[in-house]
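The values are calculated or read from the model by the stated rules, or taken from the named source; none is laboratory data. Note that the structure is a prediction, hence the values are computed from the model and not measured. Please note: Cβ atoms are built from the backbone with ideal geometry, for glycine as well, and neighbour counts cover all protein chains shown.
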Amino acid sequence: MHSHSRKIGSLVGGILAVAMMVLSGAASGLSDEAVQCNEARPPTADDAVKALAAGNDRWISGKVRHPGQDFSRRECVSKEGQTPFAAIVSCSDSRVPTELIFDEGVGDLFVVRVAGNSVDKIGEQSLAYSTEHLGVETILVLGHQKCGAVKAAVEAYPKPTAKFLAFIYDAIAKAKEVIHARGGNPDDKGELTKESTDQHVILQVKYLRGIAPFKGMVDSGKLKIVGGRYDLDTGHVTMLIQ
Ligand SMILES: [Zn+2]
């Protein structure tokens, strides 16, 4: 009897604790004190992925809203700090401006950009800062069509080359296998560049999912790491790995 009521007592206590976490915003990965300047901040990782897709739809259709690009947002993030809802690993390519293609504003996206959308130690540590201190629960690795870095890496492969290009070599090797397996021609540079772009995204997502501090967060369902490809022709982001 006693142990039964204790169980009920701890159950009620647990429910109260969860309710308080939800009320304080801790369930969204943010600390109690965080003031959200981006009022429409998606509360969960799934919502964040949906918000990116919805913003990309607005970009494709030309019905952009330019949220969070006004004076009040700038003033708010300066005063209150940032609560971005997603971190993005993207290419430096000037045709892939992250806030524009997802129709987001100041303080919404935490972005690591480098030619060829690769992450090295510095990139990993930048992403870890966003997940551990800013409440980011979604990381998107974003490759893109007609990527000059991937094209140059395919041209150089497998000779020694600049580090940011050699970083793509694993993806090229994988792409050759994939093309061969589907009966294509791995020596066709166009097909190889296209497939390498996608494989580079997929390999990096898998890599990030397997290393600290992300692995623990992914395993416990606190963090989602996904990958996609942006097509310059259409403006559309196609998800490659979710
Ligand atoms: Zn690129």
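Using the structure shown, decide if Lys189 is closer than 20 Å to Phe102 by Cβ, of a type in the set (D, E, K, R) and surrounded by fewer than 22 Cβ atoms within 10 Å (Cβ to Cβ).
Numbers: closer than 20 Å to Phe102 by Cβ: no; of a type in the set (D, E, K, R): yes; surrounded by fewer than 22 Cβ atoms within 10 Å (Cβ to Cβ): yes.
No, not satisfied.
Mind listing whichever residues of the stretch 46-71 are small (Gly, Ala, Ser) and modelled with pLDDT of 95 or more? Even if it seems obvious, please write down each step before you answer.
Within the stretch 46-71, the subset small (Gly, Ala, Ser) is 48, 51, 53-55, 61-62, 68.
Correct list: Ala48, Ala51, Ala53, Ala54, Gly55, Ser61, Gly68.
Might you let me know whether the stretch 166-174 holds any residue that is within 23 Å of Phe214 (Cα to Cα), within 16 Å of the ligand (Cβ to nearest atom), assigned to a loop (DSSP other than H, G, I, E, B) and at pLDDT 95 or above?
Yes - at least one qualifying residue is present in the stretch 166-174.
Any residue at all in the stretch 111-119 that's at positive phi and in contact with a Lys or Arg (Cβ under 8 Å, 6 or more places away or on another chain)? So that I can check it myself, show each step before the final result.
Kept after step one, since they are at positive phi, are these residues of the stretch 111-119: 116-117.
Still in the running and in contact with a Lys or Arg (Cβ under 8 Å, 6 or more places away or on another chain): none.
Checking the stretch 111-119: not a single residue is at positive phi and in contact with a Lys or Arg (Cβ under 8 Å, 6 or more places away or on another chain).
So, in the stretch 17-45, exactly how many residues are part of a helix (DSSP H, G or I) and at pLDDT below 90? Give the steps one after another, and end with the answer.
Within the stretch 17-45, the first condition is being part of a helix (DSSP H, G or I), and the residues that meet it are 17-24, 26-28, 45.
From what's left, at pLDDT below 90: 17-24, 26-28.
Qualifying residue count, the stretch 17-45: 11.
Tell me, which helices (runs of 4 or more DSSP H) lie completely within the stretch 82-163 with 1 or more residues that are within 13 Å of the ligand (Cβ to nearest atom) and crowded, with 16+ Cβ neighbours inside 10 Å?
Details: elements: 98-101, 121-133, 148-156.
Of the helices (runs of 4 or more DSSP H) lying wholly inside the stretch 82-163, those with at least 1 residues that are within 13 Å of the ligand (Cβ to nearest atom) and crowded, with 16+ Cβ neighbours inside 10 Å span 98-101, 148-156.
Check Arg182, Arg209 and return the single one that is of a type outside the set (Val, Ile, Thr) and surrounded by fewer than 15 Cβ atoms within 10 Å (Cβ to Cβ). Talk me through it step by step, then tell me what you get.
Working: Arg209 fails: surrounded by fewer than 15 Cβ atoms within 10 Å (Cβ to Cβ).
Arg182 is the lone residue from the list that is of a type outside the set (Val, Ile, Thr) and surrounded by fewer than 15 Cβ atoms within 10 Å (Cβ to Cβ).
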